Amino acid sequence: MKANLKKDDTVLVIAGKERGKSGKVVRVLAERDKVLVERINMIKRHQKPAGSQSPGGIVEKEAALDISNVMLLCASCDKPTRVGRKELDNGTHVRVCRSCGEVIDKS
């Protein structure tokens, strides 16, 4: 499946225990169809000390969410939306909001 999300996109969680929350995409794991969203789906992991720089303890970090459980939030219409693709006149492909038709990519 082609991942229509990129790092720093704002997404809304539409399924699971974190439903209704939104956050920024930290990382896209395209090979596993998962995303890491900032401060969403937090888990605790026990970590052994690794020298004097990083002490051990219980570390909280984001767990991966399935990419089908999040939707992109459009910046212009501020609604969760599906992502379309469009070719511009100069030949570049951009992502487009299916609700309002605005271009999502900044570049």
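Key figures
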{"item": "Within the range 3-30, tally of residues that are out of contact with any strand residue (DSSP E or B) (no Cβ under 9 Å at 6 or more places or on another chain) and under 23 Å from residue 96 (Cα atoms)", "result": "1"}
{"item": "Flag if residue 43 is more than 20 Å from the chain's Cα centre (by Cα), of a type in the set (A, V, I, L, M) and either farther than 25 Å from residue 79 by Cβ or in a strand (DSSP E or B) (or both)", "result": "no"}
{"item": "First in the range 69-81 and within 13 Å of residue 95 (Cβ to Cβ) and free of Cβ contacts under 8 Å to residues at least 40 places away in the same chain, second anywhere and among the aliphatic types (A, V, I, L, M) and assigned to a strand (DSSP E or B), Cβ under 7 Å, 6 or more apart", "result": "81/71; 81/72"}
{"item": "Long-range neighbours under 8 Å by Cβ, at least six apart or interchain, first residue farther than 15 Å from residue 82 by Cα within the range 2-17, second in a strand (DSSP E or B) and not aliphatic (A, V, I, L, M)", "result": "7/27; 8/24"}
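The numbers here are math on the coordinates, done by the rules we state, and not lab data. Fair warning: this is a prediction, and the values are worked out from it, not measured in the lab. Note that each Cβ is placed from the backbone with ideal geometry, even for glycine, and that neighbours are counted across all protein chains shown.
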